[in-house]
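A.B. asks: Okay, handing you the structure first.
The values are calculated or read from the model by the stated rules, or taken from the named source; none is laboratory data. What you see is a predicted model; the values in this text were computed from it and never measured. Here Cβ is always computed from backbone atoms with ideal geometry, including for glycine, and neighbour counts include all displayed protein chains.
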Amino acid sequence: MMNTVWFMRMKRWVQNPPSAKRVKFVFAIILAVAVIFGLEYMGWWPDWATGERIGRRF
């Protein structure tokens with residue numbers, strides 16, 4: 001359920017929309033993330049670029 005804070009944010013965003021440059025930047029980031037996800041999903045992501053989990057020592 002949405003509260004009034006989100007409605008106020010939407011109102012401010014409509015009154016002062018982001019510039020075209022910022023919108024292009026956000027879409028470029030989303031596209032880059034989608035490409036990386038797609039490469040990893042298809043199995044084409046290189047092993048050297050995959051991080052290894054290190055267990056905690058407590």
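A.B. asks: Name the one entry in G38, G43 that is at positive phi and either at pLDDT below 90 or of a type outside the set (A, V, I, L, M) (or both).
C.D. replies: Matching residue, one of G38, G43: G43.
A.B. asks: Could you tell me which of the residues W45, W13, W6 is outside any helix (DSSP H, G or I) and of a type in the set (F, W, Y)?
C.D. replies: Residue meeting the stated conditions: W45.
A.B. asks: Let me ask another. Scan region 2-58 residue by residue and report those that are acidic (D, E) and surrounded by 10 or more Cβ atoms within 10 Å (Cβ to Cβ).
C.D. replies: Of everything in region 2-58, just one residue is acidic (D, E) and surrounded by 10 or more Cβ atoms within 10 Å (Cβ to Cβ), namely E40.
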